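The values are calculated or read from the model by the stated rules, or taken from the named source; none is laboratory data. Just so we're clear, the structure is a prediction, and the values are computed from it rather than from any experiment. With ideal geometry, Cβ positions are generated from the backbone for all residues, glycine too; neighbour counts draw on all protein chains shown. Surface accessibility is based on the protein's heavy atoms, side chains included, excluding ligands, DNA and RNA. Shrake-Rupley method; radii C 1.70, N 1.55, O 1.52, S 1.80 Å.
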Amino acid sequence: MNIAGSNAAEAIEVTYLPDATIRVDGKIDEMVWKQLAVHEDMRVIDPDSMSIPEFATRTRMFFTNKGLY
């Protein structure tokens, strides 16, 4: 976990799923999204305060040979 004011950054591991297929349609209803880790320890970087943001952000990511999703 990052601590406010710390210069250390924690890497996010992005899963490689070579056989995953999704439709880029603004919906995240494919089963692959439910299998991925949720990353939610976001920090404010502009301005560089490393504070906890006002609004929560949750993200999931994976990549294939075709792109990053």
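Within region 50-68, which residues are assigned to a loop (DSSP other than H, G, I, E, B) and either of a type in the set (A, V, I, L, M, F, W, C) or in contact with a Lys or Arg (Cβ under 8 Å, 6 or more places away or on another chain) (or both)? Of everything in region 50-68, those that are assigned to a loop (DSSP other than H, G, I, E, B) and either of a type in the set (A, V, I, L, M, F, W, C) or in contact with a Lys or Arg (Cβ under 8 Å, 6 or more places away or on another chain) (or both) turn out to be 50, 51, 52, 53, 55, 56, 61. Take region 40-69 and flag every residue that is open to solvent by less than 40 Å² (accessible area, probe 1.4 Å) and of a type in the set (Asp, Glu). If the condition is that a residue be open to solvent by less than 40 Å² (accessible area, probe 1.4 Å) and of a type in the set (Asp, Glu), then no residue fits.
Quick check on region 29-49: of everything there that is part of a loop (DSSP other than H, G, I, E, B) and modelled with pLDDT of 90 or more, which residue is nearest to the chain's Cα centre (by Cα)? Of everything passing the filter in region 29-49, 38 is nearest to the chain's Cα centre (by Cα). The set of residues in region 21-38 being open to solvent by 40 Å² or more (accessible area, probe 1.4 Å) and either touching a helix residue (DSSP H, G or I) at 6+ places or on another chain (Cβ under 6 Å) or not hydrophobic (A, V, I, L, M, F, W, C) (or both) consists of 21, 23, 25, 26, 27, 29, 34, 35. When the criteria are applied in full, residue 24 meets the requirement of being among the hydrophobic types (A, V, I, L, M, F, W, C), modelled with pLDDT of 85 or more and assigned to a loop (DSSP other than H, G, I, E, B).
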